[in-house]
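Q: Have a look at this one before I ask anything.
Any read-out appearing in this document is the output of simple, stated calculations on the displayed coordinates, not a laboratory observation. Computed from a predicted structure; not experimentally measured. Note that each Cβ is placed from the backbone with ideal geometry, even for glycine, and that neighbours are counted across all protein chains shown.
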Amino acid sequence: MTAETAITPKHTPRDYKSDIKPVWCPGCGDYSVLGSITKAFSELNLDPENVAVISGIGCSSRIPAYTDCYGFHGVHGRSLPLAAGLKVARPDMTVLVASGDGDGFSIGGNHFMHACRRNVDLTYVVMDNRVYGMTKGQASPTTEPDWDNALTPGGSGISPFRPLVIALAAGANFIARGFSGDQNGTAKLLKEAIEHPGFSFVQILSPCVTFRPDQKEWKDDVHDATVDPTDDLGRAARRLMTDDGFNVGVLYRGEREAFQPPIGNASATVADLEGKFAL
Amino acid sequence: MNQPTDNATSISLVLAGSGGSGVITAGNMLLAAAAKAGWYGLMTRSAGPQIRGGEAAALLRLSSEPVSAQPDRYDLIIALDWMNFERFADEIPLDENTVIIGDASAAKKTPAFVTEGPARRGDIDFKNLSKAIPGGRPNMIALGTVGALIGLPEDALDAALSDALAKRGEDAITASRAGAQAGRSVAADMPATPKLPTPEGEKAGRWLISGNEAAGLGAIRGGVRFVAAYPITPATEILEWMSPALTKVGGVLVQAEDELASINMAIGGSYGGVPALTATSGPGLALMTEAIGLAVASEVPVVIVDVMRGGPSTGIPTKSEQSDLNMALYALPGDAPHIVVAPNSIRDCVFTTQWSVHLAEAMQTPAIVLSDQALGQAKSVIAAPADIAFIAQRETASTPAQGENYQRYAVTASGVSPMALPGTPGCAYTADGLEHNPRGTPSGGAKDHHIQLDKRQRKTDDFDYGQHWADQAGEGDTVVLTWGSCTGPVLEALENLAGTDDAARMISMRLLMPAPKDQLTKALEGAKRVIVVEQTHSGQFMGYLRANIDLPRDAEHYCIPGPLPMRPGDIVSLVKEGTPS
Ligand SMILES: Cc1ncc(C[n+]2csc(CCOP(=O)(O)OP(=O)(O)O)c2C)c(N)n1
Ligand code: SF4
Ligand SMILES: [Mg+2]
């Protein structure tokens, strides 16, 4: 150990937590996700000022202000382009994007596909509670078709979206599923996701205790993925298409190079550009 | 057949033909040759709706003086074929002095408005003349004829051909020069057009540039190094010009999946500390409005260039109108102070876009630049724009002293709060579209809301915009009040009226939001007559003026929607007789 690293104190999860009290309901799964995020940051020993947490709108999207990192709480559904702009302009920053199933798969669905395809080095965490929590209980793209609610009484009648399958088809470079009930396990997944180059997608099953009290059962439903993560698209596709939605772990690890156009290397001056117009 | 004609001060001509006939290429070469020779010029393009292969026309006006507007009439029209030529009828005013040259082999297809019109006619056998030259093309024949008719020096045309075809090789250059020579040789048989005086050849300090290129250059001059792009007519050329240009100066352009993404990417890049821009047209601006509101609330500078086209909806993508004004001013949710500025010439696209970057960065708020198709897609010879010392200057924060806390939205006298860039230790904060307190913590309380509303408003209200809020010209009791691309025709009209009993002055507003109420009220002092000129159907600019200043009750109003350009002659009659010609 060199003298320099010896005097650098190691960060703890507290270093990444702000003093702002979350608006979440008691028991909401998102508290634990916040804990996993700060734990992952501390285990990677990232300096808080070099980390940015970017989000859209929803209960889950409230996370940035609860961290003591740089943050941006943008508009509903647009966290991914906001984060991509930051990362391309500032490749030195570690950028984590926090979203919900409504924010990420419904209003932001198009950006989700293109972020997977573009493969900017981002970690995309979607807290999936199969409901619009913030707007008080409507069906989201991952909600079961027969889930009764005020906006679509008797259920939406629409079969749920499979975000992991879509991520794979669209080109995501890392795909994992976690469960908020397992804070340490999820922290481990996030740590791996952050370290993996390119676009990493982590779905975290995070119960909404208020509008989906039935999700308290999830702790009994989740199980560890029984096979090792694959880099084989065909095998990954089969696995993701046939899984029960409660398979937890790293499910796909790709090897595509991250998208990062060079920035900051000037080879000409503005006057050179102007010269092209001069007669 | 030629008879000597008086030297003209400007000459206007059209090269028209079906797609693939190369009239736009020929028009560009002619403009470049005229520029080389020492003339000024303006070229606008008109095209049908087809993506490729439709009819196209290059409309040129060449002059020994700078050209600020499309002409009232045309001196010369050369049609390589007559395919769908009638679609241009409204855009190309003819009279008995107009010379129309068509293809001899297609004389029967000449449209009625030409055969029955008052113009003088000549025919050239474009097909056979070009066939006689290996690699020869009718557009080059036409180019040679035009050059000879208007008095363009041969060496200038030859040089422009060599430049334009350098990549295609020696054979292409030889063929084109031979074509131009063949065109020159038949010019003497054509009815005469006016000739321009032999150019002085003094052209140092002039540029040949389009409005869209000029906007892109202004942005880069201002310090923009991050652009997110989604293509849309007529703004795409800004993005396509900027893409390689940014790479050269150390910046980057990212193609987004849609305008919702492009504006958010630009905001993300700017939040990271890199001055950022996106460019679009009306439909794209509509998609961006929510995020522009986010930039207002979170106080992130960003520039949005809207190159306006005919609306509503998809409207007329290839033609100009000023009808996005209301959207740029009023479309954001909530009370959202932001900047709206408008360039008033191709040359001014450099200045105004550069200025917009300065304003956005200085006030940490979005700036919308309202250009339009008439400026963006037109190309012109201009005096090189002076380099203004407006370089993006954002007030940033550094690590606070021990025991002090950074407040991102601190309440200051100017309203501008130092912005910490990600990576700055001790300043981590969350930028937020939710209302917040000075520290950035979300707050729905009345006090925080009022304080932040006031602070954001103060930034743009109290800023010193200096002289740049408007361009003023001319003298007289009559004021023509206008903005954007209407300015060129108004200026030309006022030049024509100068020194007569109808002399008038012009106020062309560059700053639209915040409305420069005091400056405008003062500038209107002493006006006996006010004429408001704009290119919309509903009178958006007039409504804006009425809402913001005490405009005289009897102010006159001339508003025409696109796609026809404002013509100087209409403004002259408006001033003289109270109605357009
Ligand atoms: C443009 C826009 N449309 C609608 C809303 C209202 N809205 C806020 S959050 C939300 C859904 C959030 O659901 P999800 O992303 O699943 O987050 P959760 O609250 O469940 O964590 C909606 C529809 C909004 N803020 N903006
Ligand atoms: S409504 Fe649901 S998702 Fe939102 S805070 Fe409460 S429990 Fe969590
Ligand atoms: Mg949800």
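Q: Taking GluC sites (Glu not before Pro) as exposed when DSSP calls them loop (any state but H, G, I, E, B) and at most 12 other Cβ atoms lie within 10 Å, what is the longest stretch of chain A free of them, the sites themselves excluded?
A: A:1-254
Q: Can you tell me the relative contact order of region A:89-213? Whole percent, Cα pairs under 8 Å, sequence separation 6 or more.
A: Computed value for region A:89-213: 29 percent relative contact order.
Q: Further, regarding this structure: Mind giving me the FRET efficiency for B:Leu434 and A:Asp224? R0 is 30 Å, r the Cβ-Cβ distance, nearest 0.05 is fine. Walk me through the numbers before you get to the answer.
A: Working: r = 38 Å, r/R0 = 1.26.
Computed FRET efficiency for B:Leu434 and A:Asp224 comes out at 0.20.
Q: How high is the relative contact order of chain B? Use alpha-carbon pairs under 8 Å, at least six apart in sequence, and give a whole percent.
A: Once normalised by length, the contact order is 12 percent.
Q: Let me ask something else. Relative to the longest principal axis of chain B, what angle (0 to 90°, nearest 10) does the C-alpha long axis of helix B:282-298 take?
A: Once rounded, one gets 20 degrees.
Q: When a/c reaches 1.5 or more, the comparison of a/b and b/c decides; with that in mind, is region B:208-383 rounded, prolate or oblate per its Cα gyration tensor?
A: Verdict is rounded for region B:208-383.
Q: Another question about this same structure. May I ask you to sort B:Met308, B:Met43 by Cβ crowding, counting other Cβ atoms within 10 Å and putting the fewest first?
A: Listing B:Met308, B:Met43 from fewest to most nearby Cβ atoms yields B:Met43, B:Met308.
Q: Compute the distance in nm between two label points, each set 7 Å from the Cα along the Cα-to-Cβ direction, one at B:Ile391 and one at B:Ser581.
A: If labels sit at B:Ile391 and B:Ser581, their model points lie 4.8 nm apart.
Q: Report, in whole Å, the centroid distance computed from the Cα atoms of region B:422-441 and region B:152-172.
A: If you average the Cα positions of each part, the centres end up 58 Å apart.
Q: Next question. For region A:191-207 and region B:374-407, write down the distance between their C-alpha centroids in whole Å.
A: 37 Å
Q: So, one more: Run through region B:509-579 and list the trypsin sites (Lys or Arg not before Pro) located in a DSSP loop whose Cβ has at most 14 other Cβ atoms within 10 Å. Walk me through the numbers before you get to the answer.
A: Details: sites: B:Arg510, B:Lys517, B:Lys522, B:Lys528, B:Arg529, B:Arg546, B:Arg553, B:Lys576; in loops: B:Arg510, B:Lys528, B:Arg553.
Loop-located and lightly packed - B:Lys528, B:Arg553.
Q: Taking loop as defined by DSSP and a crowding limit of 15 other beta carbons within 10 Å, which trypsin sites (Lys or Arg not before Pro) in region A:38-84 fit?
A: Working: sites: A:Lys39, A:Arg62, A:Arg78; in loops: A:Arg78.
Nothing satisfies the criteria.
Q: So which trypsin sites (Lys or Arg not before Pro) in region B:287-360 pass both tests, a DSSP loop state and at most 15 other Cβ atoms within 10 Å of the Cβ? Provide the component values of the computation, followed by the final result.
A: Numbers: sites: B:Arg309, B:Lys319, B:Arg347; in loops: B:Arg309, B:Lys319.
Passing both the DSSP loop test and the Cβ count: no residue.
Q: OK, next. Can you give me the angle between helix B:568-577 and the longest principal axis of chain B, using Cα atoms only, in degrees from 0 to 90, rounded to the nearest 10?
A: Rounded to the nearest ten degrees, it is 80.
Q: Taking θ = phi - 60°, what integer Hz values does the Karplus form 6.51 cos²θ - 1.76 cosθ + 1.60 yield along region B:166-180, in sequence order, with x for Gly and Pro?
A: These are the phi-based 3J(HN,Hα) values: 3, 6, 8, x, 4, 4, 5, 5, 4, 5, 5, 5, 5, x, 4 Hz.
Q: A further question on this structure: If a/c stays under 1.5 just call it rounded; otherwise compare a/b with b/c (prolate if a/b is bigger, oblate if not). Do that for region B:472-580, with a ≥ b ≥ c from the square roots of the Cα gyration tensor eigenvalues.
A: Oblate shape, in that a/c is at least 1.5 and b/c is the bigger or equal ratio.
Q: Treating the angle as unsigned and between 0 and 90°, give the value, to the nearest 10°, between the Cα long axis of helix B:446-461 and the longest Cα principal axis of chain B.
A: In chain B, helix B:446-461 runs at an angle near 40 degrees to the longest axis.
Q: Continuing with the same structure: Determine, for B:Met83, A:Met127, the number of other Cβ atoms within 10 Å of each Cβ, and report the residues in order from fewest to most.
A: Ascending Cβ contact count within 10 Å gives the list B:Met83, A:Met127.
Q: In region A:71-113, which residues have a backbone nitrogen under 18 Å from the label point lying 7 Å from A:Leu233's Cα in the Cα-to-Cβ direction?
A: Correct set: A:113.
Q: Counting helices only, and only those DSSP H runs with n ≥ 4, report the 222 nm mean residue ellipticity of chain B as the sum of -39,500 (n - 2.57) divided by its residues, in deg cm²/dmol to the nearest 500.
A: -10500 deg cm²/dmol
Q: Please rank B:Thr424, B:Thr482, fewest neighbouring Cβ atoms within 10 Å first, as an exposure proxy. List each step's numbers first, then the result.
A: Working: B:Thr424 20, B:Thr482 28.
Least to most surrounded, the residues fall as B:Thr424, B:Thr482.
Q: Would you please classify the overall shape of the protein assembly as shown from the alpha carbon gyration tensor, given that a ≥ b ≥ c denote the square roots of the eigenvalues, rounded means a/c under 1.5, and beyond that prolate means a/b larger than b/c while oblate covers the rest?
A: prolate
Q: Which whole-number percent is the relative contact order of region B:10-187 (Cα, under 8 Å, 6+ apart)?
A: 22 percent
Q: Let me have the 222 nm mean residue ellipticity of chain A computed from DSSP H runs of 4+ only, each contributing -39500 (n - 2.57), with the sum over all residues rounded to the nearest 500.
A: Counting only the DSSP helices, I get -8500 deg cm²/dmol.
Q: Distance in nm between label sites at B:Glu495 and A:Asn45, each 7 Å beyond Cα in the beta-carbon direction?
A: The modelled label-to-label distance comes out at 7.0 nm.
Q: Would you please calculate the Kirkwood hydrodynamic radius of chain A over all C-alpha pairs and express it in Å, rounded to one decimal?
A: About 19.5 Å, per the Kirkwood formula over Cα pairs.
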